[in-house]
């Protein structure tokens, strides 16, 4: 506030100084980008490196005069792309496979008798296609691509069928 400006009155809305350039807006948003990335990698050093990559990729491409919301959206889209590349190299998978299954495989424990019986009962109540999709995906560990090839269908159709099969399985009554 300069000496010639009057003091603000209670209840008066103050206008905050806006960042004049897209770069300034982006630099202000990088803390949020860092938090977004850190929540997904869980490692401070990796999160810092990935945030730096986002800044190096996004800032030179920003359009001057773009609204802050557009800049924020572009930064987060770039962050998702950088995270995809990071996990792709870390897990040794293509980025297309990452969109399907982001979780690391869990070491299987011995199956319980009751759990096995429940699964068999639920699967027996489903149609052949639904049962086959669920068996291949969850009991045999096939990827969507592998199930699609096995069932001579598209990945998109298998995704829809899997969703419908899971919904149908959830409705099966246990006697």
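Which of the numbered conditions does residue 60 fail, given that it passes all the others? Conditions: (1) modelled with pLDDT of 85 or more; (2) surrounded by 10 or more Cβ atoms within 10 Å (Cβ to Cβ); (3) more than 30 Å from residue 142 (Cα to Cα).
If we test residue 60 against (1) modelled with pLDDT of 85 or more; (2) surrounded by 10 or more Cβ atoms within 10 Å (Cβ to Cβ); (3) more than 30 Å from residue 142 (Cα to Cα), just (2) comes out false.
From 133, 160, which residue is surrounded by 11 or more Cβ atoms within 10 Å (Cβ to Cβ), touching a helix residue (DSSP H, G or I) at 6+ places or on another chain (Cβ under 8 Å), at pLDDT 75 or above and not in a loop (DSSP other than H, G, I, E, B)?
The match here is 133.
The values are calculated or read from the model by the stated rules, or taken from the named source; none is laboratory data. What you are looking at is a predicted structure, and each value in this text was computed from that prediction instead of being measured. Note that we place each Cβ from the backbone using ideal geometry, even for glycine, and neighbour counts take in every protein chain shown.
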